[in-house]
Amino acid sequence: MSDILSSGSVALVTGASSGIGAATARHLVARGLRVIGTGRSLERLKELADELGETGLMIELDVRDEDAVAAALADLPAEWREIDILVNNAGHDAGGWQEFQDLDRTASDDVINTNVTGLIRMTSHVIPRMLNRNRGHIVNIGSISSFTPYPKSAVYCASKFAVDGFTQSLRMDMANTAIRVTQIDPGVVLTGFQLSRYKGDQAAADAFIDSYPTGLTPDDVARAICFSLEQPPGVMIDRIVLQPTQGA
Ligand SMILES: NC(=O)c1ccc[n+]([C@@H]2O[C@H](COP(=O)([O-])OP(=O)(O)OC[C@H]3O[C@@H](n4cnc5c(N)ncnc54)[C@H](OP(=O)(O)O)[C@@H]3O)[C@@H](O)[C@H]2O)c1
């Protein structure tokens, strides 16, 4: 059986319309893979589609929508149906970075629905065909918030701790199969994440970023994802934690 990070494999990347997801799609296509990119913003997905050409298939998809996810996967063209790699990347902290008592409940529910329920939903729809072929690699994007709680992020941290618990238990359930499960836990990455966290307030997002001396780039995270994928089938990377080098 060929290595999973080889020409012809199909990867599905959620949240491919920006940041880490878009960079990951580009890196995978550069390695010869075909990439299904999903997100809610069709406009931004179209830009990526133009760039990736026939090696990319962009689908407008909200991971919170069970019926839409089921339909999108069922309707994939036959040659795209066998997904070898699932990168569960879609996530946000919109309306976050506030003490718990000040968080808007609807925004908090949305963080859980996207970061946790959406990630589990995507996995549950993709994994049956992986099990049928005994071939697959699931990469969940956690965060340092998956294991280090900090203030003003109670619900976001809860969501990423949940991703961690899911990843670890899923890996155990896959123990007698060839399916690998990896979690990538970045520190601060320079993406649209902060702008979305502050609901489009650019000054607040810039101030947050400026409070950190350095940040990772989406390419840094995409390289870590590719490192986990490029290991021989007998090697499982459980987790990669990436932090920006202070002072670099
Ligand atoms: N940036 C950081 O500092 C950092 C650090 C650690 C972990 N992370 C994690 O990295 C992942 C990617 O974030 P990013 O930094 O690349 O931020 P980003 O640039 O804001 O990208 C987030 C992506 O998630 C997608 N998304 C959000 N809600 C969605 C939904 N309901 N359905 C489908 N797609 C949805 C967005 O697409 P649409 O808006 O088009 O739907 C977008 O493509 C997230 O899981 C985040 O928690 C980020």
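Peptides 146-159, 82-95, ordered by how many other C-beta atoms sit within 10 Å of their residues on average, highest first, read 82-95, 146-159. Where only DSSP H runs of four or more residues are counted, the chain gives -12500 deg cm²/dmol as its mean residue ellipticity at 222 nm, each run worth -39500 (n - 2.57). The fraction of Cα-Cα pairs per 5 angstrom bin, counted from 0 for the chain, comes to 1, 6, 14, 19, 21, 17, 11, 6, 3, 1, 0 percent, rounded to whole percents.
Within the accessible area of the chain, the carbon and sulfur atoms contribute 53%, probe 1.4 Å, all protein chains present. For the chain, the residue among VAL181, HIS125, ALA78 whose Cα projects farthest onto the positive side of the dipole built from Cβ charges is VAL181.
Give me the accessible area per residue for segment 10-234, probe 1.4 Å, as a whole number in Å². Intermediate values should be presented prior to the final figure.
Values: 9730 Å² over 225 residues.
That works out to 43 Å² per residue.
Between the listed residues VAL10, LEU170, LEU190, the Cα displaced farthest toward the positive end of the dipole of the chain, a dipole computed from Cβ unit charges relative to the Cα centre, is found at LEU170.
Express as a percent, rounded to the nearest 5, the fraction of DSSP beta bridges in the chain (both residues included) that run antiparallel. Write out the running numbers ahead of the final one.
Values: 0 of 27 bridges.
The answer is about 0 percent antiparallel.
For segment 15-99, applying the loop criterion from DSSP together with a ceiling of 13 other beta carbons within 10 Å to the trypsin sites (Lys or Arg not before Pro) yields ARG81. Where the centroid of each part is defined by its Cα atoms, how far is segment 10-29 from segment 92-131 in Å? Value for the Cα centre distance between the two parts: 19 Å.
Here the relative contact order of segment 1-58, from alpha carbon pairs under 8 Å that lie six or more residues apart, stands at 34 percent.
Given charges of +1 on the Cβ of Lys and Arg and -1 on the Cβ of Asp and Glu, with all other atoms neutral, how large is the dipole of the chain about its Cα centre, in debye to the nearest 20?
620 debye
For ARG239, the residues whose amide H sits under 5 Å from its own are GLN183, ignoring neighbours fewer than 5 places away on the same chain, with H placed 1.01 Å from N. Name the residue farthest towards the positive end of the dipole of segment 10-234 from the options ALA204, GLY21, ALA94, assuming +1 on Cβ of Lys and Arg, -1 on Cβ of Asp and Glu, about the Cα centre. So the residue furthest toward the plus end is GLY21.
With contacts defined as alpha carbon pairs under 8 Å and 6 or more residues apart, what's the relative contact order of the chain in percent?
Numbers: 477 pairs, mean separation 51.1, N = 248.
Reported relative contact order: 21 percent.
A quarter of the convex hull surface defined by the alpha-carbon atoms of segment 1-71 gives 5.0 nm² as the mean projection.
For TRP80, TRP97, give the ranking by accessible area with the largest first, probe 1.4 Å. Numbers along the way, then the final one.
Working: TRP80 20, TRP97 65 Å².
Highest to lowest solvent-accessible surface, that is TRP97, TRP80.
On full extension, the segment bounded by THR117 and ARG129 gains 2.3 nm, given 0.36 nm per residue less the C-alpha separation.
The values are calculated or read from the model by the stated rules, or taken from the named source; none is laboratory data. Everything numeric in this text was worked out from a predicted model, so none of it was measured. Note that we place each Cβ from the backbone using ideal geometry, even for glycine, and neighbour counts take in every protein chain shown. Just so you know, the surface numbers come from the protein's heavy atoms only, side chains and all, with ligands and any DNA or RNA stripped out. Shrake-Rupley method; radii C 1.70, N 1.55, O 1.52, S 1.80 Å.
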